[in-house]
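Below is one structure, written out as C-alpha cells; the observations come after it.
The values are calculated or read from the model by the stated rules, or taken from the named source; none is laboratory data. These figures come from a predicted structure and were not determined experimentally. Heads up, the Cβs are rebuilt from the backbone with ideal geometry, glycines too, and the neighbour counts pull from every protein chain shown.
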Amino acid sequence: MKDDLIKILKIALNSIGDENDIDLSNKKISIQENKEKDHGDYASNLAMVIAKDLSQSPKLVAEKIVSFLPLEPWIERIDIAEPGFINFFLKQDTHSKILLEIDESRQEFGKNKSGKEERVLVEYVSSNPTGPLHVGHGRGAVFGSVLSNLLRTVGYEVDEEYYVNDEGRQMNTLTISTWLRYLQESGLKLEFSKKGYQGEYVKKIAANLLKEKKEKYILRENESELQELLQAQETEEDLDHLIEWGKLFLEGNFDEIRQFSLASIMSSIKEDLRSFSVNHNLWFNESTMYLNKEGAESSIDKSIRLLNEANFLYEKDDALWFKSTEFGDDKDRVVKRANGDNTYFASDISYHLNKYERGYKRIINVWGADHHGYIPRVSAAMEALGKTKEQLEVVFIQFANLLRKGKKISMSTRGGEFISLIELIKEVSPEAARFFYINRKADQHLDFDLELAKSQTKDNPLYYIQYAHARICSVFETLKKEEKQLNRVLGIENLELLNLDKEIEIQKMLLNYPDVVSRAAKHSEPHLICYYLRNLSSLFHSYYNNEKFLVEDKALMNARLFLLKGTKQVISNGLGILGIDAPESM
C-alpha cells in the first residue's frame, strides 16, 4: 500500500515540477503509518520537503499536491493537517484485500524480487579455529544466518561463507598446546604452558590424537630442555620460543598435529552451527591463499604484486608498507614484516580481492565491534586494486553479555573459562537462543537473560509470538472437533464484517509485513522482523482475549476465521525467516 501511495505522489510531484519548471524528481517521498485513527491510515510529509523549492508554505504546497493526485477508488478521503501533513484515509475493503493476497500467496507472502537474483556473499562467524564456539560468537552467527534468509526472501542469490583462519600464530599455539597435552596423556610428567590454550577441549583433542596416532609424537629425549622452556612461560615471547623448539623437534610432525587439531576444532564448530540452524555453504581456508599451484604465484603474492605494480607499496625499516593514507586511512599499513612474514592485513587484502573476483554484486562482512578499525584499510586496499568499495558492506555486531539471575558471566577463551555455544543451546533451546540474539539492533549492546529466555510468560517475546500461533491453531482444532471447517468462500464474501478496531488494526499490520521484510533486508536489520512479530502477536492476543470466533453467525465466524488464518500464515512466515518453528500447540 505504501508503494501505491508513493506512485500517486510521484505523479503529483512531477506535475508540480513541470508547472514550476523545476526538477523535483530527486526528492524523497516517505510514507508513514498513522497510529492515531483520527489522522487516517497513512501520512506523507512531502509538502514540507518541497516547500522551500516552491517558496510557499507547506500547507499551500500540500493543497497543491492533493489537487494533482489522481483519483483512486481505494482512497476514502485525503486531509491536510498542520503544518502540511497529507493524511490518507483508505476504504475498509482496502484493508481486507490483504487477506486475499495472503490466502493466495501463503508461504510466498512477503517475498519479492527486488534483489533481481543478484549474487550476494555474506561472510560471518569466522571464529579462529582454536577452540569451540562460545556464546560470544552466537550473535554474529544468528545475524548472518537471518540476514541471509532475508536477502533470499527479497530475491537475492546468497552464499554464506565461513573464513577459516588456519594460518598464523594462533594455530601454532593450538598445535603446541595439543602436543603438550598429548605428552601428558601418554604419561609424561610435564608442566603445561601458561600461555597455551587451557580449555578441556584441548585435552580431548590430545586424547584422540594419542588414540589414533599412538606413540608417533612421543618425546624420547630432550625432556629436560622442554621442562626448562615450560617453566619459563611468562611472556608471549617465551611462547614463541617454545613453538619454534617444537617445530624443530617434531619437524614434519608439527604440521600433522596442526592439521589434526584444526580438523577436530572445525568438526566441532560445524556441528555446533548445524545444531544452531546456521548453515554455511562455503568454507574458505586462509591457508589456500599461500599455496603455489603448479608454479603459479600464490593468491597473497598476487595481491601484493598488484598493489606494487599500482605504486601503492613502499619499503621502510625493511618492511613493506601499503599507502592506505592516500585513501583516507589514519596511517599506512604493513603488509610484509621485516622477517618476510605476511601480516594479517595482507591476508585480508587477498581474501577480499578473491571475493570481488568471484563476481558478487554485494559483499557483506559481519564483524565483531572490535574490528571497526579494519574498514578504512580494507576499503583502501580494494580501491587501490580498482574495485568499487561501495560493493563492500560491513555490519558490526556489538558484544552480548550473558546474564544469569541478573549477574554477568565473564569469559576468557585462552584461559578456557567460557560457556560454549552448544551449552547455551542445550540450556535455553536453539530457537530461544536464535531469537534472543537477533532481538536487538546489531550495533546495540545485548544482555542475554538466560532466565527470561527459558520462561513461559508474556515477558518472553519468543514465547509470546509462538503462543499466538499456537492459539490460532487451537481455534481451528476446536472447529475440527466440532466437525466443522472454515468456509473460505463465505469468509471472503463477508470480510466487510471485520470492522472492529482490533480487526482493522490487525489487517493494517498484515499489510505492512512485506514492507518490513524489504526494509529489514535493505538495511541489514533482521531485528525488525522480531519487533514486527512481537507487535502483531500482542495485537492478536488482545483481540483473542476480547472476542469470540466460533460464533453462531456463520458469516461473521468465517470472516474472523479467515482473518485468523492470514495472521497465522504471516507469523509462520516471519518465524521462518528467523529460522524458528511455528508450533501448533504449547
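Observations
- Some residue of segment 242-259 being outside any helix (DSSP H, G or I), in contact with a Ser or Thr (Cβ under 6 Å, 6 or more places away or on another chain), not assigned by TED's automatic domain parsing to the domain that holds N354 and not hydrophobic (A, V, I, L, M, F, W, C): no
- Selection from segment 307-351 of residues that are touching a strand residue (DSSP E or B) at 6+ places or on another chain (Cβ under 8 Å), closer than 13 Å to R377 by Cβ, free of Cβ contacts under 8 Å to residues at least 24 places away in the same chain and in a loop (DSSP other than H, G, I, E, B): D332, T343
- Among the criteria (1) touching a residue at least 12 places away in the same chain (Cβ under 8 Å); (2) out of contact with any strand residue (DSSP E or B) (no Cβ under 7 Å at 6 or more places or on another chain), the one Q259 does not fulfil is (1).
- Hey, A81 small (G, A, S), touching a strand residue (DSSP E or B) at 6+ places or on another chain (Cβ under 8 Å) and over 30 Å from I492 (Cβ atoms) or not: yes
- Among the residues making up segment 432-455, those that are outside any helix (DSSP H, G or I), under 14 Å from L403 (Cα atoms) and touching a residue at least 60 places away in the same chain (Cβ under 8 Å) are L446, F448.
- Taking first residues from segment 538-550 that are touching a residue at least 40 places away in the same chain (Cβ under 8 Å) and partners that are small (G, A, S) and surrounded by 12 or more Cβ atoms within 10 Å (Cβ to Cβ), the Cβ contacts under 7 Å between residues at least 6 apart in sequence or on separate chains come to F540/A468; H541/A468.
- Residue count for segment 284-300 satisfying the condition of being surrounded by 12 or more Cβ atoms within 10 Å (Cβ to Cβ) and either touching an Asp or Glu at 6+ places or on another chain (Cβ under 7 Å) or in a loop (DSSP other than H, G, I, E, B) (or both): 7.
- Residue satisfying condition, being over 23 Å from Y162 (Cα atoms), in contact (Cβ under 8 Å) with a residue 40 or more places away in the chain, among the hydrophobic types (A, V, I, L, M, F, W, C) and surrounded by 19 or more Cβ atoms within 10 Å (Cβ to Cβ), within set I425, I465, I397: I465
- Flag if F435 is buried (at least 17 other Cβ atoms within 10 Å of the Cβ), at pLDDT 95 or above and either in contact with a helix residue (DSSP H, G or I) (Cβ under 8 Å, 6 or more places away or on another chain) or not assigned by TED's automatic domain parsing to the domain that holds E271 (or both): yes
- Residues that are surrounded by 15 or more Cβ atoms within 10 Å (Cβ to Cβ) and part of a loop (DSSP other than H, G, I, E, B) within segment 35-56 comprise G40, D41, N45, Q56, listed in sequence order.
- Checklist (1) in a helix (DSSP H, G or I); (2) surrounded by 20 or more Cβ atoms within 10 Å (Cβ to Cβ) applied to E237, failing item: (2)
For (1) surrounded by 23 or more Cβ atoms within 10 Å (Cβ to Cβ); (2) in contact with a Gly (Cβ under 8 Å, 6 or more places away or on another chain); (3) of a type outside the set (S, T, Y); (4) outside the structural domain of Q233 (by TED's automatic domain parsing), each residue gets a yes or a no:
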site: G155; (1), (2), (3), (4): no, yes, yes, no
site: V164; (1), (2), (3), (4): no, no, yes, no
site: G168; (1), (2), (3), (4): no, no, yes, no
site: Y182; (1), (2), (3), (4): yes, no, no, no
site: S186; (1), (2), (3), (4): no, no, no, no
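- The number of residues in segment 128-161 being at pLDDT below 95 and aliphatic (A, V, I, L, M) comes to 3.
- Among the residues of segment 1-12, some residue qualifies, meaning at least one is in contact with a Phe, Trp or Tyr (Cβ under 6 Å, 6 or more places away or on another chain), part of a helix (DSSP H, G or I), closer than 30 Å to L510 by Cβ and among the small types (G, A, S).
- Wholly within segment 57-131, strands (runs of 3 or more DSSP E) carrying at least 2 residues that are over 30 Å from V366 (Cβ atoms): 75-81, 85-90
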